[in-house]
1. Out of segment A:163-182, which residues are in contact (Cβ under 8 Å) with a residue 60 or more places away in the chain and either in the same structural domain as residue A:210 (by TED's automatic domain parsing) or touching a strand residue (DSSP E or B) at 6+ places or on another chain (Cβ under 9 Å) (or both)?
2. Among the residues of segment B:320-330, are any in a loop (DSSP other than H, G, I, E, B), within 26 Å of the chain's Cα centre (by Cα) and touching a residue at least 60 places away in the same chain (Cβ under 8 Å)?
3. Given the conditions (1) surrounded by 21 or more Cβ atoms within 10 Å (Cβ to Cβ); (2) in contact (Cβ under 8 Å) with a residue 24 or more places away in the chain; (3) not assigned by TED's automatic domain parsing to the domain that holds residue B:35, which single one is not true for residue B:356?
4. Within the set of pairs 6+ apart or on separate chains, which have a first residue in segment A:222-244 that is under 19 Å from residue B:136 (Cα atoms) and more than 9 Å from chain B (Cβ to nearest Cβ), a second that is buried (at least 24 other Cβ atoms within 10 Å of the Cβ) and modelled with pLDDT under 95, and C-beta atoms under 7 Å apart?
5. Does residue B:107 count as within 30 Å of residue A:110 (Cβ to Cβ) and part of a loop (DSSP other than H, G, I, E, B)?
6. (1) outside any loop (DSSP other than H, G, I, E, B); (2) out of contact with any strand residue (DSSP E or B) (no Cβ under 9 Å at 6 or more places or on another chain); (3) more than 9 Å from chain A (Cβ to nearest Cβ): which one isn't true of residue B:303, the others all being true?
7. Could you tell me how many of the residues in segment B:67-99 are in a helix (DSSP H, G or I), buried (at least 23 other Cβ atoms within 10 Å of the Cβ) and out of contact with any helix residue (DSSP H, G or I) (no Cβ under 9 Å at 6 or more places or on another chain)?
8. Of the residues in segment B:331-352, how many are over 19 Å from residue B:169 (Cβ atoms), touching a residue at least 24 places away in the same chain (Cβ under 8 Å) and out of contact with any strand residue (DSSP E or B) (no Cβ under 6 Å at 6 or more places or on another chain)?
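The values are calculated or read from the model by the stated rules, or taken from the named source; none is laboratory data. For clarity, every value in this text was computed on a predicted model and none was experimentally measured. Counting neighbours? That spans all protein chains shown, and the Cβs are built from the backbone with ideal geometry, glycine included.
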């Protein structure tokens, strides 16, 4: 079912307000989920709203957090998010990184005691407004095995980097450090289709095409897919994200990362607080005049767009292009929402005495 | 032929001195090449020495550079390397990043007007001595096609990250953002063997197993190998390295990066100066007490070492493990050097009136 994106966002904001979030934070969190829906990361949009509510009901998420900086230098900080929505802790930490960049050229903020922060790119893109480069990463529920192993020790641990250009749109990469994001496997599950080899392994660590492998005790694979194709590099990247997000901040890392789903209990022997994120901002003019940089970015982007395609009609894309096209389309025509998600939202409406009328806003 | 590593390093230093490098810089550059040989990155060790000499003969490399900081904030700088050996410019920039980290928590230095800087990990690892995290990246001769293209627009653009631990050895990742480094293809060429699909494409952009594909106008592939396995993510990473190294610093990017080999002329329409690198340093205690962090790193490392292997007898490796094992072995028993490289070194000895006696030092 296709639903108007503004309606979805307004409803999402209402739900967060009913949880007790201050209006401004509820709006911010709703915007973050909404951007995921607009950009085509459907698994991280309204589809996830009831998941946050369930964590809140289990008191694993704090709607009125007292977030505070617990360690600081001119260019770095650690933020204790007090179990806030990551959707709120992320922008707060990113703003702090940008404040530091304004002062000393760059800023880096590690966050502990947080929760799922939505799409990594949302936070990184905040830097663009101020002629800064933004970086964002987070660890996540352990679903990924290191190369040579069948233990699920890493999350899909995404990395996002947003770089401003002048007349061209910005360069925005936002990628899980696995072959594919979990959402891609879920799409195949719904369609009843197999996955390509290299996306997942079964519970014995053997290559599989079973899109349900994860639900049967298997694991997702680091970018590269197998050792011959560099899965140890994907493992390195995922590990780096885990360490920056959580060993630097004092959050849980590796197998200790608390699961997003409320029906799974967090490990009883935590090594830190909540999950962790890591944010960075570089002021462009801490390196060279911003206008000069952005003109070269335009040239970089145009040059790569004009790379010779393998197949006539194909075009080389700039990171962020597919999401921009989808955003335009979905702002105009609405966001496709699975029937199960529609029902989920209807249930939330009834729980919180709100109105959710998908049909009237389709 | 197996040659004593100390002998190779001393000879390398002599060659750089004959080129006119100050003794201290010649030693530094020799150490960088030597570390590549010890760590098993044979393509970046003495095998490359004559290449630097040829660039110097063509006046594309400056043995007595006047390197200077051309832009600066408390946490960032741009270094103009004045066409120095990257092997010398890299450590200088890394020291500057570490100085800034000592002052304000983190330091970031972009370098322009440089040359090939050896292995990325050498520079990142400098940070370990001072309880810092080190980052290092560089762009390189364009040999890699963006996803959907047959244009060679990116280098193998490596990323290295070095993170200290307490009793465990450090976490050191050092990876090309391609499926494999070019050196891996060269090994197959010498053996007359085919490459797995996903390593290279032919001149028409089609998948190939031809290990000579690159020499026939083909291209290397970004990490992921093909679109279905996430090659657009490898493309994103390589692009990020290109932009950080060269658009931030004012060096050449994309197809304009000057080739390492002296027989290929640099593009006649440069968009910047030389090639570019990017370095970073975080002081650990800019986030939390260093000892606390390092104890958690030990726990991280031990936990991952104990991940359940797929095959009995296998063990999950920590980034840096294979290189450490090889270094131990090669320090004890010597470095294997191809016959063609031995002849190369003998020619350098005769050119510079030096002695190179491989047999006596085998």
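1. Once the filter is applied, which keeps residues that are in contact (Cβ under 8 Å) with a residue 60 or more places away in the chain and either in the same structural domain as residue A:210 (by TED's automatic domain parsing) or touching a strand residue (DSSP E or B) at 6+ places or on another chain (Cβ under 9 Å) (or both), segment A:163-182 yields A:163, A:164, A:165, A:170, A:171, A:172, A:173, A:174, A:177, A:178, A:181, A:182.
2. So far as segment B:320-330 goes, yes, one or more of its residues are in a loop (DSSP other than H, G, I, E, B), within 26 Å of the chain's Cα centre (by Cα) and touching a residue at least 60 places away in the same chain (Cβ under 8 Å).
3. With (1) surrounded by 21 or more Cβ atoms within 10 Å (Cβ to Cβ); (2) in contact (Cβ under 8 Å) with a residue 24 or more places away in the chain; (3) not assigned by TED's automatic domain parsing to the domain that holds residue B:35 applied to residue B:356, the lone miss is (3).
4. none
5. No, not satisfied.
6. Single failed check for residue B:303: (3).
7. 1
8. Summing the residues that are over 19 Å from residue B:169 (Cβ atoms), touching a residue at least 24 places away in the same chain (Cβ under 8 Å) and out of contact with any strand residue (DSSP E or B) (no Cβ under 6 Å at 6 or more places or on another chain) in segment B:331-352 gives 12.
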